[in-house]
There are 2 protein chains.
Amino acid sequence: MYRIGLDIGATKTKILLISPAGKILRREKILTDSFGSPDPIINRAGDSIEKLIAEEGLQKSQILGVGCGCAGFMDTKTGYIDISPNLKWFKVEFGKKFSKRLGMKIRMVNDVNAAAWGEFVYGAGKGKGIQHLVAVFPGSGIGGGIVCNGKLVEGATGTAGEVGHLIFRENGLLCDCGKRGCHEAYGGGMPMENRMRKLVKEGKSKLVLRMVKGDISRINTRTIADAARKGDKYAKMVWEDAVASLCVLCANLVSVFNPNILVLGGGVIEGNPSLVPVIRRFVKTHSVEYSARAVKVVKSALGGDAIALGAAAMIDADQD
Amino acid sequence: MYRIGLDIGATKTKILLISPAGKILRREKILTDSFGSPDPIINRAGDSIEKLIAEEGLQKSQILGVGCGCAGFMDTKTGYIDISPNLKWFKVEFGKKFSKRLGMKIRMVNDVNAAAWGEFVYGAGKGKGIQHLVAVFPGSGIGGGIVCNGKLVEGATGTAGEVGHLIFRENGLLCDCGKRGCHEAYGGGMPMENRMRKLVKEGKSKLVLRMVKGDISRINTRTIADAARKGDKYAKMVWEDAVASLCVLCANLVSVFNPNILVLGGGVIEGNPSLVPVIRRFVKTHSVEYSARAVKVVKSALGGDAIALGAAAMIDADQD
């Protein structure tokens, strides 16, 4: 059976049509611009999916279902989304509506849980007797996904794998979640950039200001890393905190899960791939020894397709 | 089928004969006194098991197998023990030898993994649609055990659930594992007591010295908690660090696993049961909101039988 995978991002939604063997047959990108309601995206994605199926000469009956990865808290079975902050969806019946519109089965998955499952089925964790995988994706925030005993761990209410909000430093920096000291407040891309912007505004880092030609909106994690390497005191503080946050997080996840593989992805890693060997070294020296020895620390193999592929593959996983 | 469960502790080994319905039919305690070799315990436990079976009027063929919980790093399938520090066993073929002696199937399990599985099958996590359970047992160290999707998580090499060695404070107190800042270095019973003893030896806590009538070997976690409540500055520091370590650990585990239930046990909890509501409140306010709402934080229901019962139940789990 064929499957459809969606990666519903804050600005764009990726749609993949996937063959029974897991090959991407067609891909489409549409605007998300949901403005607080899921209706526009349901209609537009519905049209696109029907077009993709027709173009491939398929019938709807040949599609096993549609897997949708998106950020937020949701009932993964019914597709009821309680909160998806970056889509500004609150208490929306996404799954039922979308399923009705398409006449297909919908499976919702938290975005980085989907990415972890995608990497497990098709990517860095494919084959080789791998049964346990941890994914850490620092992007705007820090997402995570966990596969144990060959199954995705979604937890009691679908919120397992929220690694960004593990406490890194007691009473530390305020996090967007309202609590203090989360890993995300230090190692998430957006908080890291905002922290740097605040320092630049306070006149504390002339170098960074010069690097972005006076436009602080252009500060990204690479700017911070570059300025830190050039010796800027404040950039160094922000960057070193971020590196420490990601290193400690990954070492702790390896200690508690004893995975075969730790997959790193997301914007912060894509923009700063030199973080991979840094995190690898830290994991090898700071995780529980037996787990440190067993784990492979690698970069995401699927990159931007991980979420949509993994969400689609969850339709099969549910039928096991 | 009947099963045998063993809890191999540093000084004593508990042996349970368990009915097909999970009822404890007979219990026996023998000395472990292994002096670095597993042979004495294999012989003594072998004799005891044969006696228990005979007394219950059973044949060996009616026993499904023997589950053995013990601390340390082991190949759970073959029963090869790489290191069990408190038993002083290094690279011993425990499983094969014991299986040969008894003519029965042996299943080794890390002790707190076994306890988690015991609580899941027979104890605090029994029934009620519970599929996800986390156990945190601060005793001498801090052990942990994880059940996800109804299966025990042993990881790639059987060392999953080593929650005591997650990093709590970067570059913090030296831990027995050789690394710095582990939760165990603050919240484990033995490190906590040793830290207090050192402070008393340095003349820093007259109150604690009086409480143990000058014998610092009598300092235990209750002494520390009591002295802290009475306002002793140093006992307060040690105790508050321990409480913070256990609170942060439990909150983090709830955030990452989104379990239905968090089970607290072990000597530190048994000696200081008032920790349970303290940890519960912290988890409810400091874990990821959706996971905090979903979780029940409870005390171990099986107490001292959890390890042996859980190890025995793993024989069934392997056959699923």
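The values are calculated or read from the model by the stated rules, or taken from the named source; none is laboratory data. Keep in mind that what you see is a predicted model, and the values were worked out from it rather than measured. Cβ coordinates were reconstructed from backbone atoms using ideal geometry, including for glycine residues, and neighbour counts include every protein chain displayed.
Just a few scattered comments:
- Condition check for B:ILE106: without any contact (Cβ under 8 Å) to a residue 40 or more places away in the chain and touching a Phe, Trp or Tyr at 6+ places or on another chain (Cβ under 6 Å): no
- Those residues of the stretch A:284-306 which are closer than 13 Å to A:VAL136 by Cα and buried (at least 18 other Cβ atoms within 10 Å of the Cβ), in sequence order: A:VAL297, A:SER300, A:ALA306
- Criterion (surrounded by fewer than 24 Cβ atoms within 10 Å (Cβ to Cβ) and in a loop (DSSP other than H, G, I, E, B)) met by exactly one of B:GLY95, B:GLY158, B:GLY125: B:GLY158
- Residue within the stretch A:159-177 that is in contact with a Lys or Arg (Cβ under 9 Å, 6 or more places away or on another chain) and among the hydroxyl-bearing types (Ser, Thr, Tyr) present: no
- Remark: A:VAL298 falls outside the filter, which requires a residue to be more than 16 Å from the chain's Cα centre (by Cα) and either of a type outside the set (S, T, N, Q) or within 24 Å of A:LEU173 (Cα to Cα) (or both).
- Number of residues in the stretch A:130-142 that are more than 9 Å from chain B (Cβ to nearest Cβ) and either over 16 Å from A:SER300 (Cα atoms) or modelled with pLDDT of 95 or more (or both): the value is 9.
- Any hit, the stretch B:129-139, residues being surrounded by fewer than 22 Cβ atoms within 10 Å (Cβ to Cβ), in the same structural domain as B:ARG195 (by TED's automatic domain parsing), closer than 22 Å to B:GLY22 by Cβ and in contact with a Cys (Cβ under 9 Å, 6 or more places away or on another chain): yes
- Close pairs from the stretch A:181-201: first surrounded by fewer than 24 Cβ atoms within 10 Å (Cβ to Cβ), partner acidic (Asp, Glu) and modelled with pLDDT of 95 or more, Cβ under 6 Å, at least 6 apart: A:GLY181/A:GLU170
- Of the residues making up the stretch A:175-216, those that are away from chain B (no Cβ under 14 Å) and of a type in the set (Asp, Glu) are A:GLU193, A:GLU202, A:ASP215.
- In the stretch A:220-252, the qualifying residues are those that are β-branched (Val, Ile, Thr) and either in contact with a Phe, Trp or Tyr (Cβ under 6 Å, 6 or more places away or on another chain) or over 18 Å from A:LYS299 (Cα atoms) (or both), and the one that is nearest to the other protein chains (Cβ to nearest Cβ) is A:VAL238.
- Take the conditions (1) on the phi > 0 side of the Ramachandran plot; (2) buried (at least 22 other Cβ atoms within 10 Å of the Cβ); A:LEU253 misses just one of them, which is (1).
- Any hit, the stretch A:256-267, residues being of a type in the set (S, T, N, Q), at the interface with chain B (Cβ under 9 Å from one of its Cβ atoms) and touching an Asp or Glu at 6+ places or on another chain (Cβ under 7 Å): no
- Residue in the stretch B:282-297 that is in contact (Cβ under 8 Å) with a residue 40 or more places away in the chain and within 30 Å of B:ARG107 (Cα to Cα) present: yes
- Test: residue in the stretch A:257-280 that is in the same structural domain as A:LEU207 (by TED's automatic domain parsing), of a type outside the set (Gly, Ala, Ser), at positive phi and buried (at least 23 other Cβ atoms within 10 Å of the Cβ): yes
- Residue within the stretch A:231-238 that is touching a His at 6+ places or on another chain (Cβ under 7 Å), of a type in the set (A, V, I, L, M, F, W, C), at pLDDT 95 or above and buried (at least 21 other Cβ atoms within 10 Å of the Cβ) present: no
- Members of the stretch B:148-172 that are in contact (Cβ under 8 Å) with a residue 60 or more places away in the chain, more than 7 Å from every other protein chain (Cβ to nearest Cβ) and farther than 21 Å from A:LEU249 by Cβ: B:LEU152, B:GLU154, B:GLY158
- For the stretch A:223-264, the set of residues classified as free of Cβ contacts under 8 Å to residues at least 12 places away in the same chain and in contact with a Ser or Thr (Cβ under 9 Å, 6 or more places away or on another chain) consists of A:VAL256 only.
- Residues being aromatic (Phe, Trp, Tyr) and more than 23 Å from A:ALA225 (Cβ to Cβ) - total across the stretch A:261-320: 1
- Subset of the stretch A:283-301 [touching a helix residue (DSSP H, G or I) at 6+ places or on another chain (Cβ under 6 Å) and within 10 Å of chain B (Cβ to nearest Cβ)]: A:HIS286, A:SER287, A:VAL288, A:SER291, A:ALA292, A:VAL295
- One residue stands out among those in the stretch B:90-123 that are under 15 Å from the mean Cα position of the chain (by Cα) and of a type in the set (Gly, Ala, Ser): the one that is nearest to the other protein chains (Cβ to nearest Cβ), which is B:ALA116.
- A:THR32 vs. criteria assigned by TED's automatic domain parsing to the domain that holds A:ASP111 and either among the aliphatic types (A, V, I, L, M) or within 19 Å of A:LEU309 (Cα to Cα) (or both): yes
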